[in-house]
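Asker: Input: one structure, supplied below.
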Amino acid sequence: MLKTLQQAERWQVEAVLLDMDGTLVDTERVYIDSLTDVLTEFGYPDARAVCEAMIGLPGPACQQLLIDRYGATVPLRQINTAFATKRDACFSQGLPLKHGTLELLDALDAAGWPTAVVTSSTQQTAEQHLALGGILERFDFLITRDAVAHSKPAPDLYLLAADTLGVTPRACVAVEDSGVGIAAAFAAGTIPIMVPDLLPPNEATRAQCAAVLPDLIAVRRLLTERAGLGINA
């Protein structure tokens, strides 16, 4: 018989690693909508499907995806400029947090659990987004694609984050919103939790997750039940 949540083996958690875009801050929707509009204006077909395939990928991989889909003559410079203009117009109004971000961060702070942001974005972009969301100073470390040879879905970012925090990957919970991120967290040997943003997990991604939850409030509850978050705070 399958174990219930209360009967399940407790997790020995020493740190929590958090993806940024689509997990902590609500940027993915802005990215997808902005780039979809630009590609459509340039006359390219299937723009939204192409953009959704980019979720969780680093910038260079997204550029290559456009080349693979639309050919080597795709005007990347012009597309990037138009995309940045639309994106920045949205960000100028501030960057909303995902539901439960502050509640989870407050609980982790109160418990004294180490945290790191683990993102495929550059250091500059990560600092900008977290600052716009008002949470830049809430983390012990910021691990970005600038620090590794291979970004997600490779495990490098998560392995570096665990090493930086001085813990083993198996003692880290990794919270992600995308299949690409879950693949990286799983390959690194962490405890992957998915909070889907724009796309639900497929079967392969779901099989790599310790849990799939609706929001970060549910993540906080699960960490309380399975790892004792807040019990001794």
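Asker: The stretch 14-42 to the stretch 49-105: how many Å between their Cα centroids?
Answerer: 6
Asker: If Rh is defined by the Kirkwood formula over all Cα pairs and Rg also comes from Cα, what ratio Rg/Rh do you get for the stretch 21-114?
Answerer: Answer for the stretch 21-114: 1.10.
Asker: In terms of solvent-accessible area of protein heavy atoms at a 1.4 angstrom probe, what is the ranking of Cys172, Cys90, highest value first?
Answerer: Cys90, Cys172
Asker: Accessible area of Lys86, 1.4 Å probe, to the nearest 10 Å²?
Answerer: Per-residue accessible area (Lys86): approximately 60 Å².
Asker: Taking the simple approach of a point 7 Å from Cα along Cα-to-Cβ for both Gln128 and Glu103, what is their distance in nm?
Answerer: Each label point lies 7 Å from its Cα, and together they span 3.1 nm.
Asker: I'd like the FRET efficiency for Glu203 and Asp33, computed as 1/(1 + (r/R0)^6) with the beta carbon distance as r and R0 of 30 Å, rounded to 0.05.
Answerer: Approximately 0.60, to the nearest 0.05.
Asker: Ok, one more. Could you list which residues have their amide H under 5 Å from that of Ala211, counting only those 5 or more apart in sequence or on another chain, with H placed in the peptide plane?
Answerer: Residues meeting the criterion, in which the H sits 1.01 Å from N, are Met194.
Asker: Still on this model: Quick check for you: with a 1.4 Å probe and neighbouring chains kept, what is the accessible area per residue of the chain, in Å²?
Answerer: 48
Asker: About the Cα centre of the stretch 166-233, what is the dipole size in debye to 20, counting +1 per Lys and Arg Cβ and -1 per Asp and Glu Cβ, all else neutral?
Answerer: 260
Asker: Ok, one more. Return the ratio Rg/(2.2 N^0.38 Å) for the stretch 125-174, where Rg is computed over Cα atoms only. All intermediate terms of the calculation are to be shown ahead of the outcome.
Answerer: Details: Rg = 11.8 Å, N = 50, 2.2 N^0.38 = 9.7 Å.
Scaled against compact globular proteins, the figure is 1.21.
Asker: Let me ask something else. Between Ala84 and Ile67, 0.36 nm times their residue separation minus their Cα-Cα distance comes to what?
Answerer: Details: separation 17, 0.36 × 17 = 6.12 nm, distance 1.84 nm.
This chain segment gains 4.3 nm when fully extended.
Asker: Run the numbers for Ile217 and Glu137: contour at 0.36 nm per residue of separation, minus the present Cα-Cα distance, in nm.
Answerer: Working: separation 80, 0.36 × 80 = 28.80 nm, distance 2.05 nm.
Extending this stretch completely gives an extra 26.7 nm.
Asker: Further, regarding this structure: For the chain, what % of the accessible area comes from carbon and sulfur atoms, probe 1.4 Å?
Answerer: 52
Asker: Students often get this wrong, so try it: which of [x] 28, 21, 18; [y] 44, 28, 12; [z] 32, 18, 16 is semi-axes √(5λ) of the Cα gyration tensor in Å as calculated from the structure shown?
Answerer: Correct label, based on the coordinates given: [z].
The values are calculated or read from the model by the stated rules, or taken from the named source; none is laboratory data. Remember, predicted model here, so these are calculated numbers, not experimental data. Positions of Cβ are generated from backbone atoms using ideal geometry, with glycine treated the same way; all protein chains shown enter the neighbour counts. The protein model used for the area step is the full one, side chains on, heavy atoms only, and it has no ligands, DNA or RNA in it. Shrake-Rupley method; radii C 1.70, N 1.55, O 1.52, S 1.80 Å.
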